[in-house]
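First the structure, in the form of C-alpha coordinates, and then the observations on it.
The values are calculated or read from the model by the stated rules, or taken from the named source; none is laboratory data. Everything numeric here is computed off the predicted structure, so don't read it as measured data. Glycine gets a Cβ as well: all are built from the backbone with ideal geometry, and neighbour counts include every protein chain shown. Protein only, heavy atoms only, side chains kept; ligands, DNA and RNA dropped before computing areas. Shrake-Rupley method; radii C 1.70, N 1.55, O 1.52, S 1.80 Å.
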Amino acid sequence: MSHLVPNIAQFQYHKEELAAFIHFGPNTFHNVEWGEHYGNMSVKDVFPLKSKVDVEPLMATLQEAGFKKVIVTAKHHDGFAIWRSRFTDYEIGHTDYQNGQGDVLADISAAATKYGLAMGLYLSPWDIHEKSYGYYDQDGNPLVGEDGIPLLGRTWEEVEQLDAADYNTFYLHQLEEILSNPCYGCNGRFTEIWLDGAKGTGAAAQRYKLDQWIATIQRYQGRQAGYDTDALLFGAGPYTTVRWIGNESGFAHETTWAPARLVYDDSGIAMDIDTNMHDHYSQGYPTGDVWTVPEADARITSGWFWGPNKKRPKPLSELTEIYLRSVGHGATLLLNIPLNDQGKVDQDILDRIREFGCVLQTTFTTNLAHGAKLDTDSSYKQGLENLLDEHPWTHWSPGESETEAVLTLDFGKQTSFDIVSIEEAIQEGQKICQYQVDISLNQKDWYLMEKGTTIGAKRLIAQHGTQARFVKIWVKAAGEAPCLTV
Ligand code: FUL
(Lines give C-alpha, C1' and ligand atoms only; values in the text may rest on other atoms or scores of the structure.)
Protein backbone atom coordinates (compact mmCIF):
# COMPACT_ATOMS: atom_id res chain seq x y z
CA MET A 1 0.00 0.00 0.00
CA SER A 2 1.52 3.31 -0.94
CA HIS A 3 1.08 6.17 1.43
CA LEU A 4 0.78 9.87 1.41
CA VAL A 5 4.01 11.11 2.97
CA PRO A 6 5.49 14.55 3.71
CA ASN A 7 8.03 16.01 1.33
CA ILE A 8 11.49 16.72 2.76
CA ALA A 9 10.71 20.35 3.63
CA GLN A 10 7.53 19.30 5.42
CA PHE A 11 9.32 16.51 7.25
CA GLN A 12 11.97 18.96 8.40
CA TYR A 13 9.38 21.46 9.60
CA HIS A 14 7.60 18.74 11.60
CA LYS A 15 10.90 17.89 13.27
CA GLU A 16 11.89 21.51 13.85
CA GLU A 17 8.61 22.05 15.73
CA LEU A 18 9.11 25.72 16.62
CA ALA A 19 8.89 28.85 14.48
CA ALA A 20 8.35 32.49 15.43
CA PHE A 21 6.19 35.07 13.73
CA ILE A 22 7.31 38.69 13.81
CA HIS A 23 4.56 41.27 13.31
CA PHE A 24 5.87 44.76 12.77
CA GLY A 25 4.61 47.71 10.73
CA PRO A 26 2.40 50.81 10.96
CA ASN A 27 0.02 49.14 13.44
CA THR A 28 2.90 48.92 15.92
CA PHE A 29 3.01 52.72 16.27
CA HIS A 30 -0.71 53.45 16.39
CA ASN A 31 -2.02 50.84 18.78
CA VAL A 32 -3.91 49.25 15.93
CA GLU A 33 -4.42 45.53 15.52
CA TRP A 34 -6.02 44.91 12.19
CA GLY A 35 -6.75 46.15 8.72
CA GLU A 36 -6.28 49.90 9.12
CA HIS A 37 -6.30 52.46 6.33
CA TYR A 38 -4.27 55.38 7.59
CA GLY A 39 -6.15 57.82 5.36
CA ASN A 40 -4.26 61.01 4.55
CA MET A 41 -1.63 60.58 7.22
CA SER A 42 1.81 61.14 5.71
CA VAL A 43 3.88 58.01 5.21
CA LYS A 44 6.47 59.44 7.64
CA ASP A 45 3.81 59.52 10.34
CA VAL A 46 2.40 56.16 9.38
CA PHE A 47 5.82 54.64 10.09
CA PRO A 48 7.61 57.12 12.41
CA LEU A 49 10.60 55.04 13.55
CA LYS A 50 13.89 56.74 12.72
CA SER A 51 16.55 54.57 14.32
CA LYS A 52 17.53 51.13 13.13
CA VAL A 53 15.60 48.16 14.51
CA ASP A 54 17.49 46.20 17.14
CA VAL A 55 16.55 42.58 16.53
CA GLU A 56 19.75 40.68 17.28
CA PRO A 57 18.75 40.10 20.93
CA LEU A 58 15.50 38.56 19.67
CA MET A 59 17.26 36.27 17.20
CA ALA A 60 19.80 35.20 19.82
CA THR A 61 17.02 34.43 22.30
CA LEU A 62 14.92 32.53 19.79
CA GLN A 63 17.88 30.49 18.61
CA GLU A 64 18.82 29.59 22.16
CA ALA A 65 15.23 28.63 22.99
CA GLY A 66 15.14 26.15 20.12
CA PHE A 67 13.24 28.11 17.45
CA LYS A 68 14.35 27.33 13.91
CA LYS A 69 12.59 29.90 11.73
CA VAL A 70 11.17 33.43 11.80
CA ILE A 71 8.30 34.51 9.55
CA VAL A 72 8.20 38.28 9.04
CA THR A 73 5.32 40.53 8.01
CA ALA A 74 6.97 42.38 5.12
CA LYS A 75 3.54 43.82 4.28
CA HIS A 76 0.42 43.47 6.43
CA HIS A 77 -3.14 44.28 5.35
CA ASP A 78 -2.44 48.06 5.63
CA GLY A 79 -0.22 47.71 2.55
CA PHE A 80 2.92 49.36 3.95
CA ALA A 81 6.15 47.77 2.71
CA ILE A 82 8.92 47.50 5.33
CA TRP A 83 11.43 46.90 2.52
CA ARG A 84 12.50 49.31 -0.22
CA SER A 85 9.85 48.76 -2.84
CA ARG A 86 10.02 50.58 -6.13
CA PHE A 87 6.41 49.67 -6.95
CA THR A 88 4.80 51.92 -4.34
CA ASP A 89 5.49 55.09 -2.36
CA TYR A 90 3.97 53.45 0.67
CA GLU A 91 7.28 51.97 1.76
CA ILE A 92 10.19 52.33 4.11
CA GLY A 93 12.33 54.44 1.74
CA HIS A 94 9.69 57.19 1.94
CA THR A 95 9.97 57.43 5.73
CA ASP A 96 12.65 58.85 8.01
CA TYR A 97 13.85 55.36 8.92
CA GLN A 98 17.62 55.81 8.95
CA ASN A 99 17.18 59.11 7.09
CA GLY A 100 15.25 57.43 4.33
CA GLN A 101 18.16 55.09 3.59
CA GLY A 102 17.11 52.13 5.71
CA ASP A 103 15.41 48.83 5.02
CA VAL A 104 13.73 46.98 7.89
CA LEU A 105 13.36 43.67 6.06
CA ALA A 106 17.07 43.69 5.19
CA ASP A 107 17.94 44.46 8.83
CA ILE A 108 15.77 41.62 10.14
CA SER A 109 17.18 39.30 7.48
CA ALA A 110 20.76 40.11 8.45
CA ALA A 111 20.05 39.36 12.10
CA ALA A 112 18.24 36.08 11.31
CA THR A 113 21.12 35.03 9.06
CA LYS A 114 23.66 35.84 11.77
CA TYR A 115 21.86 33.53 14.21
CA GLY A 116 21.16 30.80 11.66
CA LEU A 117 17.37 31.13 11.75
CA ALA A 118 15.55 30.20 8.56
CA MET A 119 13.12 32.81 7.28
CA GLY A 120 9.53 32.86 6.11
CA LEU A 121 7.78 35.69 4.30
CA TYR A 122 4.35 37.09 5.12
CA LEU A 123 3.16 39.30 2.26
CA SER A 124 -0.52 40.06 2.75
CA PRO A 125 -2.52 39.49 -0.44
CA TRP A 126 -5.28 41.74 0.91
CA ASP A 127 -3.91 45.28 0.54
CA ILE A 128 -6.06 48.14 1.84
CA HIS A 129 -3.86 50.93 0.52
CA GLU A 130 -2.90 49.83 -2.98
CA LYS A 131 -5.17 51.48 -5.57
CA SER A 132 -5.01 48.58 -8.00
CA TYR A 133 -6.62 46.27 -5.46
CA GLY A 134 -10.07 45.37 -6.80
CA TYR A 135 -11.45 46.09 -10.28
CA TYR A 136 -12.10 49.66 -11.45
CA ASP A 137 -12.24 51.24 -14.90
CA GLN A 138 -10.23 54.32 -16.00
CA ASP A 139 -12.81 56.60 -14.40
CA GLY A 140 -12.76 54.78 -11.09
CA ASN A 141 -16.10 52.99 -11.56
CA PRO A 142 -16.27 49.55 -9.95
CA LEU A 143 -16.37 46.62 -12.36
CA VAL A 144 -17.16 43.95 -9.77
CA GLY A 145 -19.72 44.04 -6.98
CA GLU A 146 -18.89 43.48 -3.30
CA ASP A 147 -20.25 39.96 -3.73
CA GLY A 148 -17.38 39.27 -6.14
CA ILE A 149 -19.64 39.05 -9.21
CA PRO A 150 -18.87 41.21 -12.29
CA LEU A 151 -21.33 44.08 -12.72
CA LEU A 152 -23.47 44.65 -15.82
CA GLY A 153 -23.30 40.97 -16.76
CA ARG A 154 -19.69 41.24 -17.93
CA THR A 155 -17.42 38.22 -18.15
CA TRP A 156 -14.21 38.04 -16.12
CA GLU A 157 -12.20 38.47 -19.33
CA GLU A 158 -14.04 41.74 -20.00
CA VAL A 159 -13.52 42.87 -16.42
CA GLU A 160 -9.79 42.22 -16.64
CA GLN A 161 -9.53 44.08 -19.93
CA LEU A 162 -11.30 47.11 -18.51
CA ASP A 163 -9.45 47.02 -15.21
CA ALA A 164 -7.29 50.17 -15.10
CA ALA A 165 -4.54 48.62 -12.98
CA ASP A 166 -3.96 44.92 -12.31
CA TYR A 167 -3.37 44.05 -8.65
CA ASN A 168 -2.10 40.56 -9.44
CA THR A 169 0.76 42.06 -11.40
CA PHE A 170 1.48 44.51 -8.58
CA TYR A 171 1.58 41.68 -6.03
CA LEU A 172 3.75 39.60 -8.33
CA HIS A 173 6.19 42.50 -8.69
CA GLN A 174 6.48 42.91 -4.94
CA LEU A 175 6.92 39.19 -4.47
CA GLU A 176 9.63 39.08 -7.11
CA GLU A 177 11.31 42.17 -5.70
CA ILE A 178 11.75 40.46 -2.33
CA LEU A 179 12.44 36.91 -3.46
CA SER A 180 15.08 37.88 -6.02
CA ASN A 181 17.10 40.06 -3.65
CA PRO A 182 19.83 38.21 -1.70
CA CYS A 183 19.63 40.83 1.09
CA TYR A 184 16.29 39.38 2.13
CA GLY A 185 15.77 36.03 3.82
CA CYS A 186 18.27 33.84 5.67
CA ASN A 187 21.28 33.91 3.37
CA GLY A 188 18.88 35.12 0.70
CA ARG A 189 16.36 32.32 1.19
CA PHE A 190 12.76 32.10 2.40
CA THR A 191 11.65 28.57 3.24
CA GLU A 192 7.98 29.36 3.88
CA ILE A 193 5.64 31.85 2.23
CA TRP A 194 2.50 32.89 4.08
CA LEU A 195 -0.31 33.85 1.72
CA ASP A 196 -2.74 35.00 4.37
CA GLY A 197 -6.34 34.56 3.29
CA ALA A 198 -7.70 37.20 5.72
CA LYS A 199 -9.80 39.99 4.23
CA GLY A 200 -12.21 42.52 5.74
CA THR A 201 -15.90 42.43 5.05
CA GLY A 202 -16.83 45.04 2.49
CA ALA A 203 -13.30 45.05 1.03
CA ALA A 204 -13.23 45.16 -2.76
CA ALA A 205 -13.45 41.80 -4.48
CA GLN A 206 -10.12 40.64 -5.87
CA ARG A 207 -9.25 37.32 -7.43
CA TYR A 208 -5.73 36.13 -6.77
CA LYS A 209 -3.75 34.47 -9.56
CA LEU A 210 -2.19 31.90 -7.30
CA ASP A 211 -0.75 29.89 -10.19
CA GLN A 212 1.45 32.81 -11.24
CA TRP A 213 2.42 33.76 -7.71
CA ILE A 214 3.42 30.23 -6.83
CA ALA A 215 5.40 29.74 -10.02
CA THR A 216 7.32 32.91 -9.10
CA ILE A 217 7.88 31.77 -5.53
CA GLN A 218 9.34 28.44 -6.58
CA ARG A 219 11.37 29.99 -9.38
CA TYR A 220 13.30 31.99 -6.79
CA GLN A 221 12.98 29.88 -3.65
CA GLY A 222 12.32 26.32 -4.77
CA ARG A 223 14.08 23.47 -6.48
CA GLN A 224 14.11 25.41 -9.74
CA ALA A 225 16.43 27.86 -8.02
CA GLY A 226 18.79 25.02 -7.12
CA TYR A 227 17.59 24.44 -3.55
CA ASP A 228 16.97 20.89 -2.28
CA THR A 229 13.32 21.59 -1.57
CA ASP A 230 10.48 23.82 -2.69
CA ALA A 231 9.36 26.61 -0.39
CA LEU A 232 6.56 25.66 1.97
CA LEU A 233 3.29 27.38 1.12
CA PHE A 234 0.64 28.56 3.57
CA GLY A 235 -2.78 29.61 2.28
CA ALA A 236 -1.99 28.60 -1.30
CA GLY A 237 -5.25 26.87 -2.21
CA PRO A 238 -4.54 23.50 -3.85
CA TYR A 239 -0.77 24.14 -3.56
CA THR A 240 -0.89 24.47 0.22
CA THR A 241 1.76 22.46 2.04
CA VAL A 242 1.37 24.11 5.48
CA ARG A 243 -2.17 24.55 6.76
CA TRP A 244 -3.86 26.75 9.32
CA ILE A 245 -4.84 24.90 12.45
CA GLY A 246 -8.18 26.74 12.55
CA ASN A 247 -7.71 29.08 15.52
CA GLU A 248 -5.19 31.62 16.75
CA SER A 249 -4.77 30.10 20.20
CA GLY A 250 -2.05 27.68 19.19
CA PHE A 251 -4.21 24.61 19.79
CA ALA A 252 -4.37 21.61 17.48
CA HIS A 253 -7.32 19.27 17.91
CA GLU A 254 -6.90 16.09 19.96
CA THR A 255 -7.38 14.27 16.66
CA THR A 256 -5.12 15.85 14.06
CA TRP A 257 -4.23 14.23 10.75
CA ALA A 258 -1.72 15.79 8.36
CA PRO A 259 -3.50 14.75 5.11
CA ALA A 260 -6.05 17.09 3.54
CA ARG A 261 -8.31 16.57 0.54
CA LEU A 262 -8.27 18.45 -2.73
CA VAL A 263 -11.45 20.22 -3.77
CA TYR A 264 -12.19 20.20 -7.52
CA ASP A 265 -14.39 22.43 -9.65
CA ASP A 266 -16.87 21.06 -12.22
CA SER A 267 -14.18 20.70 -14.86
CA GLY A 268 -11.97 18.62 -12.57
CA ILE A 269 -9.45 21.33 -11.71
CA ALA A 270 -8.21 21.37 -8.12
CA MET A 271 -9.27 24.70 -6.62
CA ASP A 272 -8.56 24.39 -2.93
CA ILE A 273 -8.06 21.97 -0.07
CA ASP A 274 -10.55 20.68 2.46
CA THR A 275 -8.86 20.48 5.86
CA ASN A 276 -11.87 19.09 7.72
CA MET A 277 -12.53 22.29 9.64
CA HIS A 278 -14.98 22.07 12.54
CA ASP A 279 -15.40 24.31 15.56
CA HIS A 280 -12.13 26.22 15.02
CA TYR A 281 -9.99 23.17 14.37
CA SER A 282 -8.74 21.82 11.07
CA GLN A 283 -8.51 18.14 11.88
CA GLY A 284 -7.37 16.83 8.49
CA TYR A 285 -8.31 13.38 7.27
CA PRO A 286 -6.88 9.88 7.85
CA THR A 287 -6.58 9.58 4.09
CA GLY A 288 -6.23 12.46 1.67
CA ASP A 289 -4.53 13.77 -1.46
CA VAL A 290 -2.08 16.27 -0.04
CA TRP A 291 0.16 16.22 3.01
CA THR A 292 -0.15 19.48 4.95
CA VAL A 293 1.89 20.41 8.01
CA PRO A 294 -0.67 21.49 10.62
CA GLU A 295 0.72 24.82 11.81
CA ALA A 296 -0.68 26.25 15.04
CA ASP A 297 -0.24 30.02 15.21
CA ALA A 298 -0.38 31.77 18.55
CA ARG A 299 0.62 35.04 20.18
CA ILE A 300 2.97 35.53 23.11
CA THR A 301 0.97 38.66 24.02
CA SER A 302 -2.73 39.33 23.43
CA GLY A 303 -2.19 40.91 19.98
CA TRP A 304 -0.30 40.22 16.79
CA PHE A 305 1.09 43.76 16.87
CA TRP A 306 2.71 45.45 19.85
CA GLY A 307 0.71 48.15 21.65
CA PRO A 308 0.78 49.82 25.08
CA ASN A 309 -2.19 47.77 26.25
CA LYS A 310 -1.20 44.49 24.60
CA LYS A 311 2.41 44.00 25.49
CA ARG A 312 2.27 41.69 28.49
CA PRO A 313 3.69 38.22 27.75
CA LYS A 314 1.51 35.25 28.58
CA PRO A 315 2.50 33.36 31.70
CA LEU A 316 4.90 30.46 31.22
CA SER A 317 2.16 27.99 32.15
CA GLU A 318 0.07 29.20 29.21
CA LEU A 319 3.00 28.86 26.82
CA THR A 320 3.73 25.33 27.94
CA GLU A 321 0.07 24.45 27.55
CA ILE A 322 0.19 25.86 24.01
CA TYR A 323 3.27 23.73 23.30
CA LEU A 324 1.61 20.58 24.60
CA ARG A 325 -1.54 21.25 22.57
CA SER A 326 0.29 22.16 19.35
CA VAL A 327 3.53 20.21 19.02
CA GLY A 328 2.12 17.62 21.43
CA HIS A 329 -0.86 17.12 19.12
CA GLY A 330 1.19 16.57 15.97
CA ALA A 331 1.35 20.20 14.78
CA THR A 332 4.14 22.78 14.59
CA LEU A 333 3.97 25.93 16.73
CA LEU A 334 4.27 29.37 15.14
CA LEU A 335 4.53 31.79 18.06
CA ASN A 336 4.24 35.51 17.41
CA ILE A 337 6.70 37.90 19.02
CA PRO A 338 5.87 41.57 18.32
CA LEU A 339 8.52 44.25 17.86
CA ASN A 340 7.72 47.40 19.85
CA ASP A 341 7.61 51.03 18.69
CA GLN A 342 11.37 51.29 19.23
CA GLY A 343 11.97 48.44 16.81
CA LYS A 344 13.00 45.93 19.46
CA VAL A 345 11.40 43.34 21.69
CA ASP A 346 10.40 44.26 25.25
CA GLN A 347 12.75 42.76 27.82
CA ASP A 348 9.99 40.90 29.67
CA ILE A 349 8.95 39.23 26.41
CA LEU A 350 12.55 38.20 25.71
CA ASP A 351 12.77 36.85 29.27
CA ARG A 352 9.62 34.80 28.73
CA ILE A 353 10.96 33.26 25.52
CA ARG A 354 14.13 32.35 27.38
CA GLU A 355 12.14 30.76 30.23
CA PHE A 356 10.02 28.86 27.73
CA GLY A 357 13.15 27.50 26.03
CA CYS A 358 14.60 26.49 29.40
CA VAL A 359 11.45 24.59 30.34
CA LEU A 360 11.58 22.68 27.07
CA GLN A 361 15.25 21.92 27.46
CA THR A 362 15.02 20.75 31.07
CA THR A 363 11.91 18.71 30.34
CA PHE A 364 13.28 16.90 27.32
CA THR A 365 17.04 16.70 27.93
CA THR A 366 16.80 13.43 29.85
CA ASN A 367 15.13 10.64 27.94
CA LEU A 368 14.48 8.05 30.65
CA ALA A 369 13.79 5.44 27.99
CA HIS A 370 17.55 5.29 27.40
CA GLY A 371 18.20 3.60 30.71
CA ALA A 372 15.13 1.37 30.49
CA LYS A 373 14.53 -2.12 29.11
CA LEU A 374 12.37 -1.86 26.02
CA ASP A 375 10.27 -4.80 24.88
CA THR A 376 7.31 -5.56 22.67
CA ASP A 377 4.67 -8.27 22.52
CA SER A 378 5.12 -8.35 18.77
CA SER A 379 6.88 -11.34 17.27
CA TYR A 380 8.96 -8.87 15.30
CA LYS A 381 11.49 -7.36 17.68
CA GLN A 382 14.21 -6.51 15.23
CA GLY A 383 15.01 -2.79 15.08
CA LEU A 384 13.51 -1.94 18.48
CA GLU A 385 16.72 -0.05 19.22
CA ASN A 386 15.64 2.43 16.54
CA LEU A 387 13.21 3.77 19.11
CA LEU A 388 16.08 4.94 21.27
CA ASP A 389 18.64 6.24 18.79
CA GLU A 390 17.21 9.79 18.52
CA HIS A 391 17.52 9.54 14.77
CA PRO A 392 14.33 10.67 12.98
CA TRP A 393 14.89 8.50 9.89
CA THR A 394 15.16 5.15 11.67
CA HIS A 395 11.99 3.46 12.86
CA TRP A 396 10.38 0.26 14.05
CA SER A 397 7.16 -1.49 13.15
CA PRO A 398 5.74 -4.85 14.12
CA GLY A 399 5.28 -7.60 11.52
CA GLU A 400 3.46 -6.50 8.40
CA SER A 401 0.17 -8.16 9.25
CA GLU A 402 0.08 -6.72 12.77
CA THR A 403 -2.06 -3.61 13.03
CA GLU A 404 -1.45 -3.17 16.75
CA ALA A 405 1.65 -3.10 18.86
CA VAL A 406 2.42 -2.97 22.54
CA LEU A 407 5.70 -1.59 23.79
CA THR A 408 6.79 -1.91 27.41
CA LEU A 409 9.43 0.09 29.16
CA ASP A 410 10.90 -1.16 32.43
CA PHE A 411 12.96 1.42 34.34
CA GLY A 412 14.14 -1.26 36.81
CA LYS A 413 12.81 0.72 39.76
CA GLN A 414 10.10 3.19 40.64
CA THR A 415 10.81 6.32 38.63
CA SER A 416 9.33 9.78 38.44
CA PHE A 417 8.61 11.42 35.08
CA ASP A 418 6.42 14.13 33.60
CA ILE A 419 5.89 13.30 29.96
CA VAL A 420 5.48 10.32 27.67
CA SER A 421 6.42 11.31 24.12
CA ILE A 422 5.44 9.09 21.19
CA GLU A 423 6.37 9.76 17.56
CA GLU A 424 5.06 8.15 14.45
CA ALA A 425 7.53 7.61 11.61
CA ILE A 426 5.63 10.03 9.37
CA GLN A 427 8.04 9.41 6.49
CA GLU A 428 6.02 6.19 6.13
CA GLY A 429 2.72 8.09 6.36
CA GLN A 430 0.40 8.89 9.25
CA LYS A 431 -1.44 5.69 10.20
CA ILE A 432 -2.04 5.46 13.93
CA CYS A 433 -5.66 6.07 14.88
CA GLN A 434 -5.69 4.92 18.50
CA TYR A 435 -3.26 4.81 21.40
CA GLN A 436 -3.29 4.07 25.09
CA VAL A 437 -0.62 4.54 27.74
CA ASP A 438 -0.77 2.64 31.05
CA ILE A 439 1.63 2.72 33.96
CA SER A 440 2.39 0.26 36.72
CA LEU A 441 4.65 -0.27 39.71
CA ASN A 442 4.53 -4.08 39.61
CA GLN A 443 3.39 -5.12 36.12
CA LYS A 444 0.15 -6.50 37.61
CA ASP A 445 -1.89 -3.44 38.54
CA TRP A 446 -2.04 -1.07 35.62
CA TYR A 447 -3.35 2.49 35.69
CA LEU A 448 -4.51 4.37 32.64
CA MET A 449 -2.40 7.44 31.96
CA GLU A 450 -4.15 8.48 28.76
CA LYS A 451 -5.89 7.10 25.72
CA GLY A 452 -6.67 8.88 22.51
CA THR A 453 -6.59 8.87 18.74
CA THR A 454 -3.82 10.24 16.50
CA ILE A 455 -0.06 10.39 17.07
CA GLY A 456 1.41 11.94 13.91
CA ALA A 457 4.73 13.76 14.20
CA LYS A 458 4.47 13.79 18.01
CA ARG A 459 2.05 13.05 20.81
CA LEU A 460 2.90 14.37 24.24
CA ILE A 461 1.16 12.91 27.25
CA ALA A 462 1.88 15.08 30.24
CA GLN A 463 1.27 14.32 33.89
CA HIS A 464 3.57 16.06 36.29
CA GLY A 465 5.42 13.84 38.76
CA THR A 466 4.08 10.49 37.53
CA GLN A 467 5.53 7.56 39.51
CA ALA A 468 5.94 4.20 37.80
CA ARG A 469 8.37 1.40 37.06
CA PHE A 470 6.60 0.15 33.93
CA VAL A 471 5.08 2.09 31.04
CA LYS A 472 2.97 0.29 28.46
CA ILE A 473 2.24 1.97 25.13
CA TRP A 474 -0.39 0.45 22.88
CA VAL A 475 -0.92 1.77 19.36
CA LYS A 476 -3.27 0.72 16.62
CA ALA A 477 -3.16 1.66 12.94
CA ALA A 478 -6.05 1.44 10.53
CA GLY A 479 -5.67 -1.78 8.53
CA GLU A 480 -1.87 -1.97 8.60
CA ALA A 481 1.24 -1.92 10.74
CA PRO A 482 1.95 1.17 12.83
CA CYS A 483 5.42 2.63 12.47
CA LEU A 484 7.18 4.41 15.32
CA THR A 485 10.31 6.47 15.70
CA VAL A 486 11.91 8.81 18.18
C1 FUL B 1 -4.45 36.79 10.21
C2 FUL B 1 -4.28 38.30 10.10
O3 FUL B 1 -5.49 38.94 9.79
C4 FUL B 1 -3.74 38.75 11.44
O5 FUL B 1 -3.60 40.14 11.52
C6 FUL B 1 -2.40 38.07 11.64
O7 FUL B 1 -1.48 38.53 10.69
C8 FUL B 1 -2.55 36.56 11.55
C9 FUL B 1 -1.26 35.81 11.65
O10 FUL B 1 -3.19 36.19 10.36
O11 FUL B 1 -5.12 36.27 9.14
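Overview of results
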| read-out | value |
| --- | --- |
| Antiparallel DSSP beta bridges within region 220-318, as percent of all bridges there, nearest 5 | 65 |
| Helix axis angle, 56-65 relative to the chain longest principal axis, alpha carbon, degrees | 20 |
| Per residue accessible area of the chain, 1.4 Å probe, in Å² | 43 |
| On Cα atoms only, tilt of 167-179 relative to the major axis of the chain in degrees | 60 |
| Among beta bridges that DSSP assigns inside region 280-433, antiparallel share in %, nearest 5 | 45 |
| Crossing angle, helix 210-221 versus the chain [Cα axis fit, 0-90 degrees, rounded to tens] | 70 |
| Expected 222 nm ellipticity per residue - DSSP helices of 4 or more, -39500 (n - 2.57), all of the chain, to 500 | -6000 deg cm²/dmol |
| Separation of alpha-carbon centers, region 417-453 and region 359-392, rounded to whole Å | 13 |
| Per-peptide average of other Cβ atoms within 10 Å, ordering 397-404, 434-441 highest first | 434-441, 397-404 |
| Among 243-249, 388-394, the order from most to least packed when residues are scored by Cβ within 10 Å on average | 243-249, 388-394 |
| Between region 470-486 and region 333-351, the Cα center-to-center distance that results, in Å | 40 |
| Among beta bridges that DSSP assigns inside the chain, antiparallel share in %, nearest 5 | 60 |
| Whole-number Å³ per residue for the convex hull built on Cα positions in the chain | 152 |
| Relative contact order %, the chain, counting alpha carbon pairs below 8 Å whose residues are six or more apart | 16 |
| Rule-of-thumb Rg ratio for region 368-485 [Cα; 2.2 N^0.38 Å; N residues] | 0.99 |
| Dimensions in Å of region 18-80 - Rg and Dmax from alpha carbons | 13.9, 43 |
| Cα centroid separation - region 137-159 against region 223-270, whole Å | 31 |
| Among 137-143, 213-219, 299-305, the order from most to least packed when residues are scored by Cβ within 10 Å on average | 299-305, 213-219, 137-143 |
